[in-house]
Amino acid sequence: MLGTPAPALFLPKIISWNTTFKCNLNCSHCYLNAQDKAKTEELTTTQGKNLIDQIVKVSKPILILSGGEPLLRDDIFELGTYASQKGLRVTMGTNGTLIDDSVAKKLRDVGIRKVAISLDSSEPIIHNTLRGTQDAWQQAVEGIKACIRNGVGVQVNVTVTQQNYADIDNVVSFSKGLGVRDFHVFFLVPTGRGKTISDISPAMYEGMVRGILKKYAASDLTVKPTCAPQFMRIACQMGLDTTRWSRGCIAALSYCRIYPNGEVTPCPYLPIALGNIKDKDFQEIWSHSPILEKMRNFDNLKGKCHDCSYREICGGCRARAYGLSSNYIDVCGGLHEPQALAGDFLAEEPWCLYKPTKEAT
């Protein structure tokens, strides 16, 4: 059946909270365009706890404490403890460079179950170039080792670019040797500093997704393409079991992002401001945002995505559709208000090579 899922399905299962603009690196593909000094509008500790209280009234999702670099927030362990005590499953997205044994133990003790650490190459020079810091690779590797030594789960995130396209398998192999079992392979979305990088072509993108699924679907590792909703369509075409995954694009359905100043957006790469938790309760924003309501009705998708028989399990990347239809707008200087949108978040996925047919999935 095509159209709109039952309303009861719309509960947040994952929320990414950009807790700070602060960062100690200068990554060329940063979607937040994080700065080395926090902006004054970041949520305070009290406001952060109020956000957590608002979230638990709606559901008990995975809460990703992200940034910038979340470990630069003085109160990050206090916020992590509070979220854990409220019943949220707390994880962290970090560049890993600030994690030693002491920090890893604190992460474990406050209830942070897993950290996602970025590692963009098996070669230090490539990772350091992408991250804008000379020792970023070695520090990230030491952070991974410290977490594993102290019982904190690690997921390695790798962002695919022209510079590291041929190195992804090496990253997985190297990280596996450190004890990592979970990997997310991110495909660039044209936001933040990422809009200035020469991305891989749509054909390379499709080929890499297919190669990842072919190589790792039956392995003892979890290797998932991310910001690549077409992986569900490709998995179906390959005859793979897709029940281990949910829909390709989950923005607005079971996922959203909290910006450092409290604004809610559909995902970290889609900069549409839906409402601020300082002014409006999260439950009100999640349940009644007109933007989210449009995204939840698959009949609103346009072009190939509207006609595609895989739209229920894929949906296309709404952020990529928006970013490319807005001429690579740098969204990180300010959020886009719904009444003045720069692009079309319902447009067809611009990087999908698939030509829809009327066949059922």
What number goes with the only condition from (1) at pLDDT 95 or above; (2) within 21 Å of the chain's Cα centre (by Cα); (3) not β-branched (Val, Ile, Thr) that TYR269 does not pass? (1)
Quick one: which helices (runs of 4 or more DSSP H) lie wholly within the stretch 276-361 and hold at least 2 residues that are modelled with pLDDT of 80 or more and closer than 22 Å to LEU11 by Cα? 282-288, 290-296, 318-325
Matching option when the condition is touching a Gly at 6+ places or on another chain (Cβ under 9 Å), assigned to a loop (DSSP other than H, G, I, E, B) and either open to solvent by 20 Å² or more (accessible area, probe 1.4 Å) or on the phi < 0 side of the Ramachandran plot (or both), among ILE99, ILE117: ILE99
Of (1) open to solvent by less than 50 Å² (accessible area, probe 1.4 Å); (2) modelled with pLDDT of 95 or more; (3) more than 14 Å from the chain's Cα centre (by Cα), SER219 satisfies all except one. Which? (2)
Residue among SER173, SER201 that alone is at pLDDT below 95 and not β-branched (Val, Ile, Thr): SER201
If I ask for residues that are buried (at least 23 other Cβ atoms within 10 Å of the Cβ) and at pLDDT 95 or above, which ones from the stretch 19-50 would you list? THR19, LEU43, GLY48
Across the stretch 42-66, the tally of residues that are over 21 Å from the mean Cα position of the chain (by Cα), under 12 Å from LEU79 (Cβ atoms) and in contact (Cβ under 8 Å) with a residue 60 or more places away in the chain stands at 2
Without any contact (Cβ under 8 Å) to a residue 24 or more places away in the chain, in a helix (DSSP H, G or I) and open to solvent by 30 Å² or more (accessible area, probe 1.4 Å): is that true of GLN138 in this structure? yes
For LEU79, indicate whether it is assigned to a loop (DSSP other than H, G, I, E, B) and in contact with a helix residue (DSSP H, G or I) (Cβ under 7 Å, 6 or more places away or on another chain). no
Tally up the residues in the stretch 248-275 that are of a type outside the set (D, E, K, R), in contact (Cβ under 8 Å) with a residue 40 or more places away in the chain and assigned to a strand (DSSP E or B), please. 8
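Residue-by-condition table, conditions (1) open to solvent by 50 Å² or more (accessible area, probe 1.4 Å); (2) of a type in the set (A, V, I, L, M):
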site: ASN95; (1), (2): no, no
site: ARG108; (1), (2): yes, no
site: VAL152; (1), (2): no, yes
site: VAL156; (1), (2): no, yes
site: VAL171; (1), (2): no, yes
site: VAL180; (1), (2): no, yes
State whether the residues of the stretch 288-297 include one that is polar (S, T, N, Q) and surrounded by fewer than 18 Cβ atoms within 10 Å (Cβ to Cβ). yes
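The values are calculated or read from the model by the stated rules, or taken from the named source; none is laboratory data. In this text, all values refer to a predicted model and were calculated from it rather than measured experimentally. Here the Cβ is made from the backbone with ideal geometry for all residues, glycine too, and neighbour counts use every protein chain on show. In case anyone asks, the SASA skips ligands and DNA or RNA and just uses the protein heavy atoms, side chains included. Shrake-Rupley method; radii C 1.70, N 1.55, O 1.52, S 1.80 Å.
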